[in-house]
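Shown next, in structure tokens, is the structure this report addresses.
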């Protein structure tokens with residue numbers, strides 16, 4: 001039985017309390033069954049005016065009967081700032097991140113801790129299957145939104161997002177999320193790239209599942225394509241900043257070739273309703289994003 005003390009970090013906003021309530025309710029049996037101490041640190045990304053509403057949501061979940069819950073008001077609506085708040089206010093070395101539009105499976109925490117211990121990892125990530133709104137076009141339901149395909153349990157991974165991840169804070173040390181990516185997106189990619197550069201190892205826990213509810217307004221082709229483009233732009237910016245792009249011309253030429261190849265394939269697969277149509281749409285537009293910078297940020301203030 002694992003007795004490791006764990007902090008769970010969550011970022012939330014005023015308009016997402018229904019998702020937060022669902023997440024906290026999914027955590028109750030997890031907290032109850034864990035032998036070690038568990039605390040939850042929630043960053044309120046809507047400012048002090050939303051504090052009371054979020055406090056009521058926490059109270060309605062009744063999770064405070066099982067563990068300590070700390071709510072910290074963020075000075076700004078910035079995802080990276082919220083992540084840093086949870087890093088700075090967590091009491092334990094083991095810090096797990098979840099998003100407020102997710103809900104965890106019953107063995108989520110146990111699986112993360114098991115892989116962390118067996119692999120002596122700095123970071124362990126798990127899959128986040130997207131639950132799209134029923135109105136979404138068929139191809140959207142086939143998107144591997146968080147890049148889970150091809151990863152093997154207890155095997156190293158190159159990078160990850162923060163939607164379902166366990167971090168050993170003693171290994172990460174003073175590294176923090178770069179707040180300039182807090183509105184554009186990409187702060188997680190940048191952060192875990194720096195963790196890896198500093199010698200930290202990242203591993204995959206295939207059974208530590210946290211499902212993500214995708215609302216109707218984000219289950220559209222327009223939104224998903226914008227998201228893919230923005231991810232491509234962030235990839236270019238981060239890799240250029242970290243010196244991984246030796247030649248902008250070669251980088252751009254490869255991206256252009258991929259767009260020319262991928263877009264027709266994506267269109268054909270969408271027409272025949274192929275199970276990999278979404279992945280090819282993602283490949284096409286993320287490579288386009290390496291060439292083009294959309295004016296609209298992924299996360300608006």
Within region 48-60, identify whether any single residue is within 23 Å of residue 125 (Cβ to Cβ), at pLDDT 95 or above and crowded, with 19+ Cβ neighbours inside 10 Å, and answer yes or no.
no
Taking the criterion of being modelled with pLDDT of 95 or more, more than 20 Å from residue 231 (Cβ to Cβ) and part of a helix (DSSP H, G or I), would at least one residue in region 142-153 satisfy it?
no
Can you tell me which residue within region 205-217, out of those that are out of contact with any strand residue (DSSP E or B) (no Cβ under 6 Å at 6 or more places or on another chain) and in contact (Cβ under 8 Å) with a residue 40 or more places away in the chain, is farthest from residue 172 (Cα to Cα)?
216
Restrict the check to region 31-42 and report whether at least one residue is surrounded by fewer than 22 Cβ atoms within 10 Å (Cβ to Cβ), under 19 Å from residue 163 (Cα atoms) and in contact with a helix residue (DSSP H, G or I) (Cβ under 8 Å, 6 or more places away or on another chain).
yes
When region 159-179 is checked residue by residue, the ones that are more than 17 Å from residue 124 (Cβ to Cβ) and touching a residue at least 40 places away in the same chain (Cβ under 8 Å) are 176, 177, 178, 179
For residue 265, only one of the following conditions fails: (1) under 23 Å from residue 143 (Cβ atoms); (2) under 25 Å from the mean Cα position of the chain (by Cα). What is its number?
(2)
By my count, helices (runs of 4 or more DSSP H) wholly in region 1-118 with at least 2 residues that are closer than 24 Å to residue 192 by Cβ and under 19 Å from the mean Cα position of the chain (by Cα) are 17-33, 79-89
Odd one out for residue 158, checked against (1) in contact with a helix residue (DSSP H, G or I) (Cβ under 6 Å, 6 or more places away or on another chain); (2) closer than 23 Å to residue 285 by Cβ; (3) surrounded by fewer than 18 Cβ atoms within 10 Å (Cβ to Cβ)
(1)
Take residues that are closer than 20 Å to residue 83 by Cα and under 17 Å from the mean Cα position of the chain (by Cα) and tell me which of the strands (runs of 3 or more DSSP E) falling wholly in region 163-247 contain 3 or more.
164-168, 210-213
Has region 192-207 got any residue that is surrounded by fewer than 20 Cβ atoms within 10 Å (Cβ to Cβ) and under 30 Å from residue 134 (Cα atoms)?
yes
Which of the residues belonging to region 210-227 are closer than 21 Å to residue 127 by Cα and surrounded by fewer than 22 Cβ atoms within 10 Å (Cβ to Cβ)?
211, 212, 213, 214, 215, 218, 219, 227
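Per-residue answers, yes or no, for (1) in contact with a helix residue (DSSP H, G or I) (Cβ under 9 Å, 6 or more places away or on another chain); (2) over 22 Å from residue 170 (Cα atoms):
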| residue | (1), (2) |
| --- | --- |
| 53 | yes, yes |
| 63 | yes, yes |
| 66 | yes, yes |
| 78 | yes, yes |
| 92 | yes, no |
| 100 | yes, yes |
| 105 | yes, yes |
| 117 | no, no |
| 125 | yes, no |
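The values are calculated or read from the model by the stated rules, or taken from the named source; none is laboratory data. What you see is a predicted model, and the numbers here were worked out from it, not measured in a lab. For neighbour counting, all protein chains shown are included, and Cβ atoms are generated from backbone atoms with ideal geometry for every residue, glycine included.
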